[in-house]
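> There's a structure below that I have some questions on.
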Amino acid sequence: MFSMFLNFLFPPRCPNCRAYVERRGDFCAPCMRRLVHVHALVRPTEAADVLDGIWAFAHYREAVRDLLRALKYQKRKSALPPLHAVLQAGDGILAQLPHPIAAVPVPLAAERARTRGFNQAEEIFAPWLHAHDIALTALLIRTRATAPLYDHTRAERRRELRGAFAVTEGADVAGVDVLLVDDIMTTGATLTECARVLKRAGARRVYAFVLASEHL
Ligand SMILES: [Zn+2]
C-alpha cells in the first residue's frame, strides 16, 4: 500500500536517464543494455597464479559511477537498489562457479570502515549472494591502511600492498573455494594481493566479482 502511494507520488525512474520504469531501482532497457555487461576481465599478469577469474558486471561510467560515488563518499544507501539490480545480470556466471563457495568482501582499513560505517562491497553484494544461498564471510582483514594506488607503477603497488591483508584469526581457508567481491577494479592490485594471501593459506580456487570496471 505504501509503495503504491509512493509510486503514485514519485513514479519510479531510470537512475541514468530519468525515463519512467516499472520498478523502483531498475534501469530502463536501453540504459541497462549500455551500462550493464557481464564480462570476464583480463587478469593482471601477476595475478595469473593466484586469481582463477575476474568478472565485472557494469561499466564504471554515467549512473553506475555516480551511484557508487554517492554510496562511498556521501554514504547514500539510497544508491543501492539500482546497484542491486545490476547484479541480477550475473546469475549465469555465478552458476558456473564451484559450490559451496565462500564469498569474501575486500576488507576496508579500520579507519575507513569507521568513518564510512559500512563496507560498500558487502552492501552491494550481500542481498544477491544471499538469494543464491551464499553467505558473505569475513575471511580477510586489512592489517593497515594503504595509499591510493592508481598513479603507482606495478612494482610500487605490489610493495604498498605487501602485508596489508591477512586471513582472519581462527579462519580456516584450506581447500576452500573463495569468491572475492568488491565495488570496482582499477588496477587489480588489491584483488591480486587478497587472492595471494588466500592461496598461501591454502584456498583452492579464488575468483573475483566486481560491480564495475573501466576495463570492459
Ligand atoms: Zn535509462
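The values are calculated or read from the model by the stated rules, or taken from the named source; none is laboratory data. Everything numeric here is computed off the predicted structure, so don't read it as measured data. As a convention, Cβ positions derive from the backbone with ideal geometry for all residues, glycine included, and neighbour counts pool all protein chains shown.
> Scan segment 47-78 for residues that are at pLDDT below 95 and touching a Ser or Thr at 6+ places or on another chain (Cβ under 6 Å) and jot them down.
47
> Taking segment 187-203 as the region of interest, how many residues are part of a loop (DSSP other than H, G, I, E, B) and in contact with a strand residue (DSSP E or B) (Cβ under 8 Å, 6 or more places away or on another chain)? Reasoning before the result, please.
Residues of segment 187-203 part of a loop (DSSP other than H, G, I, E, B): 187-188, 201-203.
In the following step, the residues that additionally are in contact with a strand residue (DSSP E or B) (Cβ under 8 Å, 6 or more places away or on another chain) were identified as 188, 201, 203.
The number of residues fulfilling the criteria is 3.
> Among the residues that make up segment 175-196, is at least one of them over 24 Å from residue 86 (Cβ atoms) and in contact with an Asp or Glu (Cβ under 7 Å, 6 or more places away or on another chain)?
So far as segment 175-196 goes, no, none of its residues is over 24 Å from residue 86 (Cβ atoms) and in contact with an Asp or Glu (Cβ under 7 Å, 6 or more places away or on another chain).
> Taking the condition of being of a type outside the set (D, E, K, R) and touching a residue at least 24 places away in the same chain (Cβ under 8 Å), how many residues in segment 18-31 meet it?
Here is the first cut: in segment 18-31, the ones of a type outside the set (D, E, K, R) are 19-21, 25, 27-31.
With the extra rule that they be touching a residue at least 24 places away in the same chain (Cβ under 8 Å), the set shrinks to 25, 27, 31.
Summing the residues that are of a type outside the set (D, E, K, R) and touching a residue at least 24 places away in the same chain (Cβ under 8 Å) in segment 18-31 gives 3.
> May I pose another question? I want to confirm something. Restricting to segment 7-17 and keeping residues that are more than 7 Å from the ligand (Cβ to nearest atom) and outside any helix (DSSP H, G or I), which single residue is nearest to residue 85 (Cα to Cα)?
Of segment 7-17, the ones more than 7 Å from the ligand (Cβ to nearest atom) are 7-13, 15.
Then keep just the ones that are outside any helix (DSSP H, G or I); that gives 10-13, 15.
Working: 10: 19, 11: 17, 12: 14, 13: 13, 15: 11 Å.
Step by step, filter segment 7-17, then rank; the result is 15.
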